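The values are calculated or read from the model by the stated rules, or taken from the named source; none is laboratory data. Because the structure is a prediction, the values reported are computed rather than measured. A quick note on method: Cβ atoms are made from the backbone with ideal geometry, for glycine too, and the neighbour counts reach across all protein chains shown. Heavy atoms of the whole protein, side chains included, go into the accessibility calculation; ligands, DNA and RNA do not. Shrake-Rupley method; radii C 1.70, N 1.55, O 1.52, S 1.80 Å.
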Amino acid sequence: EEYDKAAFMTANRLGKNVGVSESTVVRFAVELGFDGYPSMQKAMQEMVLNRLTSAQRLEIANDRMGTQDVVTTVLQADADKLHQTAETINREDFASVVDAILKAKHIYLLGVRSAAALANFAGYYLNYMFPNVRVITTSGGGEMFEQLVNVQADDVVLAFSFPRYSTATIKGARYCQSVGAKVVAITNSYASPLAQCGDYVLVAKSDMLSLVDSLVAPLSVVNALIVGVSQRREKELARRLGALESIWEDYNVYEKRADKA
C-alpha cells in the first residue's frame, strides 16, 4: 500500500515499519527471485521514481535524510553516483558517440526543465569546436519541433532526460530518430523511456535529493564527452582558441588583475 515510500527505505528501516526483522525483509526479497534486498529495492525505485509527485519526493527525501548532516549526506550521495557511473557506463557506446559528434553535419542538444542546464553546458563548449551546434531547451511542443524541423539523417542529437522524464524531450528524440538522425540518450537507466528511442545510450546515475535531482554524474559524463571530442580535434581547437584569445583580449572579456591577499 505504500510501495512508493518502501522503495527508498533500507531493509532495516522497512522491517521496523512493518514489525519484522531485517533478515525477514532480506529473505522476502530472495523469495521473490532477487539476489537480495538491494536488487529488489533498485527495481522498486526504477518502477516508482517517475510516478512520484514533487510533494512525495520531498517527503521521502526528508525521511531518508532524517537528522544526518545535509552537506555530508548530499556530497556522499553525489560521490556514490559518480562511482556507479564510472563502473557501468558503456565505453564502446561512449567512443561511438564521440565519433558521431565528429562526423555530424549538425549537432543538436536537447534538454528541458532541469536538464536544460546539461544541454546548455554541453553547447557552450561544443560551440568552441564546431560552427554547427544548436541548443534546444524550450519545453513547448510546437516551438520545440519548429527548431527540430531541419534535423536530417547526417545530424546527431544529444538528448538529456532524468526522472521525472520530460514528455517533450522524449517526443523530440523520437521525431529525430524517425528522420534518421543519430540520437544519443543520456539518461539514468536503460529502462528510461528516453533510452528506448536512442541509437546510443549513456547511463549516468542520478538521485533524488529533496526537490532537486542530482545531475553531478550526468554533468561529469558531458565533461568526458567534451574532453573526448577535444582530443580528436586538438589542432583545429588550438587554432580556434588562439583566435578567440585575441578577441577576448581586445574586448576585455576576462579579468587580468590577480586578486590581492
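Computed quantities for the displayed model
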read-out: Filter result (open to solvent by 30 Å² or more (accessible area, probe 1.4 Å) and in contact with a strand residue (DSSP E or B) (Cβ under 8 Å, 6 or more places away or on another chain)) within the stretch 108-131; value: S114, N120, N127
read-out: Failed item, numbered, when R134 is tested on (1) of a type outside the set (G, A, S); (2) crowded, with 16+ Cβ neighbours inside 10 Å; (3) at pLDDT 95 or above; (4) part of a helix (DSSP H, G or I); value: (4)
read-out: Single condition L109 does not satisfy, out of (1) assigned to a helix (DSSP H, G or I); (2) in contact with a Ser or Thr (Cβ under 9 Å, 6 or more places away or on another chain); (3) not basic (K, R); value: (1)
read-out: Answer residue from the stretch 34-57, given it is of a type in the set (K, R) and open to solvent by 40 Å² or more (accessible area, probe 1.4 Å) and is modelled with the highest pLDDT among those; value: K42
read-out: Tally, over the stretch 14-33, of residues that are open to solvent by 90 Å² or more (accessible area, probe 1.4 Å) and within 31 Å of the chain's Cα centre (by Cα); value: 1
read-out: Which numbered condition E146 fails, given (1) outside any loop (DSSP other than H, G, I, E, B); (2) open to solvent by 60 Å² or more (accessible area, probe 1.4 Å); (3) in contact (Cβ under 8 Å) with a residue 60 or more places away in the chain; value: (3)
read-out: Matching residues in the stretch 218-233 - criterion: being in contact (Cβ under 8 Å) with a residue 40 or more places away in the chain, open to solvent by 20 Å² or more (accessible area, probe 1.4 Å) and either in a helix (DSSP H, G or I) or touching a strand residue (DSSP E or B) at 6+ places or on another chain (Cβ under 8 Å) (or both); value: L219, S220, A224, I226, S230, R232
read-out: For N90: the one exception among (1) under 21 Å from V216 (Cα atoms); (2) at pLDDT 90 or above; (3) touching a Lys or Arg at 6+ places or on another chain (Cβ under 8 Å); value: (3)
read-out: Checklist (1) assigned to a helix (DSSP H, G or I); (2) at pLDDT below 90 applied to V97, failing item; value: (2)
read-out: Given (1) in contact (Cβ under 8 Å) with a residue 12 or more places away in the chain; (2) exposed (fewer than 13 other Cβ atoms within 10 Å of the Cβ); (3) over 16 Å from V184 (Cβ atoms), index of the condition A153 fails; value: (3)
read-out: Restricting the stretch 234-261 to residues that are aliphatic (A, V, I, L, M) and assigned to a helix (DSSP H, G or I), the residue that is most open to solvent (accessible area, probe 1.4 Å); value: I247
read-out: Test result for Y165, outside any helix (DSSP H, G or I), free of Cβ contacts under 8 Å to residues at least 40 places away in the same chain and not polar (S, T, N, Q); value: no
